[in-house]
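Below you'll find the structure, written out as structure tokens, and then a few comments.
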Amino acid sequence: MKPVPARRGLTSLVQLKLIEDNQTGGFTGGRSMRANTTVSALRFREQTVTPSGRGGFLVRTTLSGARAYRCVHVLRYDAGCEAVRLHVEFENLGQIPLTLEMLSSFCLGGLSPFDAEDSVGRLRLHRFRSSWSAEGRHEAVDFEDLHLERSWMNASVVNERFGQVGSMPVRVWFPFVAVEDKEAGVMWAMQLACGSSWQMEVYRWDDKVSVSGGLADREFGHWMKSVVPGETFTTPEACLTVGTGDIDAISQRLVRMQAVALADLPTQEEELPVIFNEWCSSWGLPTPEFIHATAARLKGSPVKVFVIDDGWAEKPDGAGQFNGDWNVERRRFPHGLKPVADELRAMGFTPGLWFEFEVCTVGTEAFALDDHKLRRDGRTLQVGTRHFWDFTDPWTFDYLRRKVIDRLRDDGFGYLKVDYNDTLGIGCDYADSPGEGLRRHVEGVRRFFRMLREALPELIIEVCSSGGHRLEPSFMELSSMGSFSDAHECPEIPIIAANLHRLILPRQNQIWAVLHAADSLQRIHYSLAATFLGRACLSGDVVSLGNDAFALVLADLGFYERVRHVIRDGESSIRRSVDKSWRRPRGWQVVTRLSRPDGDEALVVAHAFGESMDAVIPVDLSPNEWVVAEERGIGIVRLPTGCLRVDADFSAIVLHLRRQ
């Protein structure tokens, strides 16, 4: 049999599958839902281009199918942006319900357009892995290594479908994908805003590659959605960009799109206030006396927010999580929380409080309120010790308004840390599907976040989901910042913190610096230097720090305040010589952040890890072009050439430079 000439990559702008239609082969069953008769029946109807209202334009492309519906692919470009925003609207125009099994937010085809054939050796896939306390591992794999070459006669689809299933959207992968043409030096990158199950799919049936993404489909995420006559269903939004440059440059084009949603943050957030969180100090046993002593030591320092973490609420002796009732632990706070919050404000701090309000745990009175919980297979859904409130139920909103919003307002708290420490998995009972039940529930959670912001406009909100499991645009847009990780005292903190420059804004990247009296000055500076990669969050036993150690803390944080504008508004590049292990890192890392939009200032944050003695770290900032305005380093020194030399393992230096 002679090989069939390759087709040239034509693909539909919208990928969808109706339960009423068939798949069409290509050995796709169970691995892709894209090859189907719903898509092959789509026909172009019209395309309109109108002003966007932000100096850009809106492109609406309408497609219709064999059944009574239409799909509108919406592309929005706003002036000054480096990416476009995309979503798809599915409207049922008929008289009977139609059931979706798959609907993409975006689909990009024809890759690579810079090669007339099948791009042998040219294409590379970029994505970011994630696991608890190990977020943002960059993976760059050639298509051949992923087995994504086309078959000899185009009889078989090859694809790579990946994503995550459940209510922790950054549990396995970040919702990001990029395809690079190495020879052309061009990269196409896409990021999805979705807090529930999602997927990306790299798909090939001929010479060209197509990439699509959106909600996880029926096969991957147990999702189906019945759209009744007259109803319109809208997908989650995606951002897409294309350009030259490496993964740092391209990914940050997408990251900067997230800044638009931060226009209405509390005024205090513009200054990136330094935070103290007592979790790694009291380890769940805070008291007014402990809080007073710690705040007294920090009074007058650059620390402006003091957060009381888990442990303020009532729980039996020896209990771990005891969430849901949210009654103050009177044995430790006999007069309640308000006097503590009032004292913190009087000492110059914004007081903060921790909640994990989406769940209730075994032993609480709330645990018995099954009528307002999520269910699966008719039974109250329980994961470990947790039940999950149903955020499609108005009762849940009323209960949490009283327990959370009223507590914050009445006791005078100005900062809220929202934790979330397990996932729903495939979803919950709902007429359409477990995946649709999960999607509706997560949308309800996001509505409650908006309710918090409307009720308390100056409230600073931190998103924390076992550290970094919600670091995606749809949750980040509702908060001031996110916990970068649950890596509290680990040597890999600088690696994780730098990774996230490619995925969230550094101004939203809250980084732990846990300090102990037994720490050397070098170790303290190593920890503090990592916070220059985002938002500084101190913890640990600051009361017992010696005078020299505390003076170092004050000096480093004072430096932080002087360069926070570069942290807030800049563009980063990451250079590393680090072994694969993060738990026992060896080598070095340097992150250079140029100020935007002028590029006249630079912040250099360098860390040395194990077995790095005498290493010379290159810094791509010529001393003939730049002058050092300020520097703080222990164990790493600056050479006259502009490079850095490592004099001690696990050390750090931070430089602030100005262009001559």
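Things worth noting here:
- For residue 37, the accessible surface of its heavy atoms amounts to roughly 50 Å² (probe 1.4 Å, protein chains only, rounded to the nearest 10).
- Solvent-free Debye scattering, log10 I(q)/I(0), computed from the Cα coordinates of region 524-660 at q = 0.13, 0.17 Å⁻¹: -0.55, -0.93
- Measuring max minus min along each principal axis, the C-alpha atoms of region 543-582 give extents of 36, 30, 13 Å (largest first).
- Efficiency of FRET from Cβ geometry, residue 172 and residue 629, R₀ 45 Å, rounded to 0.05: 0.60
- Measuring between their Cα centroids, region 379-444 and region 86-102 lie 28 Å from each other.
- Annotation: amide H of residue 69 within the under-5 Å range of 93, sequence separation 5 or more or interchain, hydrogens built in the peptide plane.
- Pair-distance profile P(r), taking every C-alpha pair of region 159-233, with 5 angstrom steps and integer %: 3, 14, 21, 20, 16, 12, 8, 3, 1, 0
- As computed over region 457-572, the Cα convex hull volume per residue (Å³): 113
- Helices that extend 27 Å or more along their long axis by alpha-carbon positions and average at least -1.0 on the Kyte-Doolittle scale are, among the DSSP H runs of the chain, 434-455, 547-568.
- Convex hull (Cα only) mean projected area of region 383-514, reported in nm² to one decimal: 9.5
- Per residue value of the accessible surface for region 276-380 (all protein chains in place, 1.4 Å probe), Å²: 41
- Taking the Cα centre of region 491-618 as origin and assigning +1 to Lys and Arg Cβ atoms and -1 to Asp and Glu Cβ atoms, the resulting dipole is close to 480 debye.
- For the chain, a simple Cβ point-charge model (Lys and Arg +1, Asp and Glu -1, everything else neutral) yields a dipole of about 920 debye relative to the Cα centre.
- Applying Stokes-Einstein at 10 °C and 1.306 mPa s to the Kirkwood radius of region 314-450, computed over alpha-carbon pairs, gives a translational diffusion coefficient of 98 µm² s⁻¹.
- Distance between region 109-169 and region 221-256 - C-alpha centres, whole angstrom: 17
- Accessible surface, region 444-573, averaged per residue in Å² (probe 1.4 Å): 23
- Cα gyration tensor shape for region 84-201, rounded if a/c is under 1.5, else prolate or oblate: oblate
- Relative contact order for region 65-114: 33 percent, from Cα pairs under 8 Å spaced at least 6 residues apart, divided by residue count.
- Calculated diffusion of the chain, Stokes-Einstein form, Kirkwood radius summed over Cα pairs, 37 °C and 0.692 mPa s, µm²/s: 125
- Beta bridges per DSSP with both ends in region 359-503, % antiparallel, nearest 5: 55
- Ratio Rg/Rh [Cα only; Rh per Kirkwood] for region 249-326: 1.13
- Of all DSSP-defined beta bridges confined to the chain, some 80% are antiparallel rather than parallel.
- In nm, spacing of pseudo-spin labels at residue 116 and residue 66 (7 Å Cα→C-beta vector): 3.7
- Equivalent-ellipsoid semi-axes of region 599-651, from the Cα gyration tensor, Å, largest first: 21, 11, 9
- A convex hull fitted to the Cα coordinates of region 54-152 yields 228 cubic angstrom per residue.
- Square roots of 5 times each gyration tensor eigenvalue, C-alpha, region 533-599, largest first, Å: 26, 22, 9
- Carbon/sulfur fraction of accessible area - the chain, other protein chains in place, 1.4 Å, %: 51
- For region 587-660, the dipole from Cβ point charges (+1 on Lys and Arg, -1 on Asp and Glu) about the Cα centre works out to 160 debye, to the nearest 20.
- Stokes-Einstein translational diffusion, region 293-353 - Kirkwood Rh over all Cα pairs, 0.890 mPa s, 25 °C, in µm²/s: 193
- Shape of region 1-102, Cα gyration tensor, a/c cut at 1.5: oblate
- Solvent-accessible surface ranking, highest first, for 290, 609 at 1.4 angstrom: 290, 609
- Surface listing: 152, 223, 279, 588 arranged by accessible area from highest to lowest gives 152, 279, 588, 223, probe 1.4 Å.
- Mean residue ellipticity at 222 nm, helices only, the chain: -5000 deg cm²/dmol; runs of at least 4 DSSP H residues each add -39,500 (n - 2.57), and the sum is divided by the number of residues.
- Computed packing ranks the peptides 505-511, 202-208 as 505-511, 202-208, most packed first, by mean other Cβ atoms within 10 Å.
The values are calculated or read from the model by the stated rules, or taken from the named source; none is laboratory data. As the structure is a prediction and not an experimental result, all values here were calculated from the model. No Cβ is skipped: glycine too gets one built from the backbone with ideal geometry, and neighbour counts run over all protein chains shown. These accessible areas exclude ligands, DNA and RNA; they are computed on the full protein's heavy atoms, side chains included. Shrake-Rupley method; radii C 1.70, N 1.55, O 1.52, S 1.80 Å.
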